[in-house]
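**Student:** Could you have a look at this structure, given as structure tokens, before my questions?
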Amino acid sequence: MHAFLLLAAAAAAPGANLKTFHYPNHQTAGDAPLWARVNWGSVLTDVSDVVSAGRTWGRNFDMRSTMAHETCHSIVADLEHADCKGSKGFYLVDNTAACVPYFTKFTKDDVCEFIPTGMRWHRYQMYLEEINVGGDALIVLEEWACYTIEAMTALELYDDELLVVQGKIDESTLKNGYGKETATYDTGLGAVEFMGYSFAVGMAMEKHEPEYLDTEMGKNFREFIGFNTERTLTTFCRLLQLYPDVFSSWTLEENWAKLTTGEDGKSFREFAARWFGEEWWNNLLTCKAVAPKLASNGPVPSVDTLRGRY
């Protein structure tokens, strides 16, 4: 099992009670020529095995992390027409998926009021205002899930690159490849951006459809947010700490500060602490899940500080 799934496996941890099911591979040996899997890594290979043979999304992208992201969307479409019919499906890797029921009393448009101006990052206009107007708010969580898989793909492939540089493995024996066409500086930040937007979906649900969480499957919404929050921030922290020259931009520095300490991100921080506990949330913001030696009572580190702490 991927370490990413193990993150939420501890008893009583947010996401630990996420109801999932086995989702099998849909690719066969006959489909192999369509997928030239050179230096793909286990995450990209995983989603490629699972997506139905008739889907083509993701195959037309040279960047491997983007391939994983777009293939994730294909799997969501497969799930919604089969196992999760009548609800939104999310693929978590390791042949594991989850379903979350649609909302009935509000749409994606109602989510925007809960996103502070300073937290409306560069994907906001396209995804929250222009695409799928009046559609179900769970499309926000779909984007979040796929941006997280994109970041996981980049992290795995860059992890191997680091081992080559350190001389710990021979490049000629490397299965996952390294570096080239893996990701851009913005990989990882997309998942963090949509994490905040997904918190806003939770706030909209509390206002417009609070009874939603009373149902057994509605509780899966809360569990999924907890599960993917930990996966998002742990992956993001590792990307920052291991590859400072790759994942770096002024927008990253500014936006991380807004989320972790700024007034703009206060409502998101309060939501996460209220839903999942302040200690759990603060441990993620200080990257304790990645670097346990960090002081638990210390200030939230800046991006530059994070880079030197792993």
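The values are calculated or read from the model by the stated rules, or taken from the named source; none is laboratory data. Just so it is clear, the model here is predicted, and its values are computed rather than measured. A quick note on method: Cβ atoms are made from the backbone with ideal geometry, for glycine too, and the neighbour counts reach across all protein chains shown. Ligands, DNA and RNA are stripped out before the accessible areas are found, and what is left, the full protein with its side chains, is counted by its heavy atoms. Shrake-Rupley method; radii C 1.70, N 1.55, O 1.52, S 1.80 Å.
**Student:** Pull out the extension gain between Lys85 and Asp109, defined as 0.36 nm times the separation in residues minus the alpha carbon to alpha carbon distance; nm, one decimal.
**Tutor:** 6.3 nm
**Student:** OK, next. Please compute the net charge surrounding Phe106, taking Lys and Arg as +1 and Asp and Glu as -1 over other residues with Cβ under 15 Å from its Cβ.
**Tutor:** -3
**Student:** Same structure, new question: How much area per residue is accessible in the range 66-139 when the probe is 1.4 Å and only protein heavy atoms are counted (Å²)?
**Tutor:** Using a 1.4 Å probe on heavy atoms only, each residue of the range 66-139 averages 38 Å².
**Student:** Could you compute the net charge surrounding Met217? Neighbours are other residues with a C-beta less than 14 Å from the C-beta of Met217; K and R count +1, D and E count -1.
**Tutor:** Net local charge, Met217 excluded: -1.
**Student:** Quick one, what does Rg over Rh come out to for the range 110-150 if you take C-alpha atoms and the Kirkwood Rh?
**Tutor:** For the range 110-150, the value is 0.95.
**Student:** Calculate the spin-label point distance for Ala16 paired with Glu263, positioning each point 7 Å from the Cα along the beta-carbon direction, and give it in nanometres.
**Tutor:** Label-label distance for Glu263 and Ala16, simple model: 3.9 nm.
**Student:** Oh, and also: How far, in nm, would the chain grow between Asp186 and Tyr127 when pulled straight, counting 0.36 nm per residue and subtracting the alpha carbon separation?
**Tutor:** Roughly 19.6 nm would be gained on extension.
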